1. Restricting to region 151-174, and then to whatever is more than 15 Å from the chain's Cα centre (by Cα) and aliphatic (A, V, I, L, M), can you tell me which residue is farthest from Val105 (Cα to Cα)?
2. Given the conditions (1) of a type in the set (Val, Ile, Thr); (2) without any contact (Cβ under 8 Å) to a residue 60 or more places away in the chain; (3) closer than 21 Å to Leu175 by Cβ, and given that Ile84 satisfies all but one, which numbered condition is not satisfied?
3. I need every pair where a residue in region 4-31 that is closer than 11 Å to Tyr52 by Cβ has its Cβ under 7 Å from the Cβ of a residue that is of a type in the set (Phe, Trp, Tyr) and in a helix (DSSP H, G or I), sequence separation at least 6 or different chains.
4. Of all residues in region 169-211, count the ones that are surrounded by fewer than 14 Cβ atoms within 10 Å (Cβ to Cβ) and more than 24 Å from Tyr10 (Cα to Cα).
5. Any idea which residue in region 39-51 is modelled with the lowest pLDDT, counting only those that are under 16 Å from the mean Cα position of the chain (by Cα) and either assigned to a loop (DSSP other than H, G, I, E, B) or more than 23 Å from Gln28 (Cα to Cα) (or both)?
6. Which of (1) assigned to a strand (DSSP E or B); (2) closer than 22 Å to Ala165 by Cβ does Tyr94 not meet, given it meets every other one?
7. Does at least one position in region 100-109 carry a residue that is in a loop (DSSP other than H, G, I, E, B), among the charged types (D, E, K, R) and within 29 Å of Arg17 (Cβ to Cβ)?
8. Taking the conditions exactly as written (over 29 Å from Leu172 (Cβ atoms), in a helix (DSSP H, G or I) and either aromatic (Phe, Trp, Tyr) or out of contact with any Ser or Thr (no Cβ under 9 Å at 6 or more places or on another chain) (or both)), does Lys71 satisfy them or not?
Amino acid sequence: MSIAHMVSRYNRERKWRIFKQLIQPNPQMNVLDVGFSDKEYSNIDNFIEKNYPYPHNLTALGIDTPVEFPKRYPNVNVVQYDGIKFPFNKKEFYCCWSNAVIEHVGDYEQQVAFLMEVVRVSNTAFITTPNRYFPIEVHTRSVLIHYFPKVIFDKFLRFIGKGWATGNYMNLLSLTGIRRLLKDANITKYKIIKNKLLFFTLDFAIIIYHE
């Protein structure tokens, strides 16, 4: 097991503990997971599906065509969507869980729209995203170069053969950027938790409360 995988597992388990402590799931609580993966590349993918104790009350939403996912998690309701509008009614879910997805939904305006959809269909939300200013960019394992403007970072990624991570595939967020997004999405009741690794903030957990 690589160090990166060990760190990722440790951090996902930490976020899961925070979720349980603050959201306190129970058998009556229906939860929406935004951003399931049909193909799993490690044993920590689809983390909530592996750990949620009430799978019948869990709905997984994503852009992937669900082929392998329903076989792994037959008790979880799975829905494919267009990546823009959630196909659910207003406040249909008690809580929305979304782990490391918002940095992948597109540009700033699309990130705002994503947050607005989250709060439209749920009463509370638990959203996580990597910290742009953690020294190692967690998707590409590049060091410090992601501190530069995105156009420079994208050129570097193409140069090293990681062009898949350029463009709207990844728009990293800082604490300031998150607060700006929340403001522009008209979200005022929230809490941001900084998850640390050594002396640095590795990622953020954003808990959005009912307005």
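1. Ile160
2. Just one mismatch for Ile84, condition (3).
3. As it stands, the answer is Trp16/Phe47, since those pairs meet every condition given.
4. Residues flagged as surrounded by fewer than 14 Cβ atoms within 10 Å (Cβ to Cβ) and more than 24 Å from Tyr10 (Cα to Cα) within region 169-211 amount to 7.
5. Among those residues, the one meeting the criterion is Ile44.
6. Of (1) assigned to a strand (DSSP E or B); (2) closer than 22 Å to Ala165 by Cβ, only one is false for Tyr94: (2).
7. Taking every residue of region 100-109 in turn, none turns out to be in a loop (DSSP other than H, G, I, E, B), among the charged types (D, E, K, R) and within 29 Å of Arg17 (Cβ to Cβ).
8. yes
The values are calculated or read from the model by the stated rules, or taken from the named source; none is laboratory data. Everything numeric in this text was worked out from a predicted model, so none of it was measured. Heads up, the Cβs are rebuilt from the backbone with ideal geometry, glycines too, and the neighbour counts pull from every protein chain shown.
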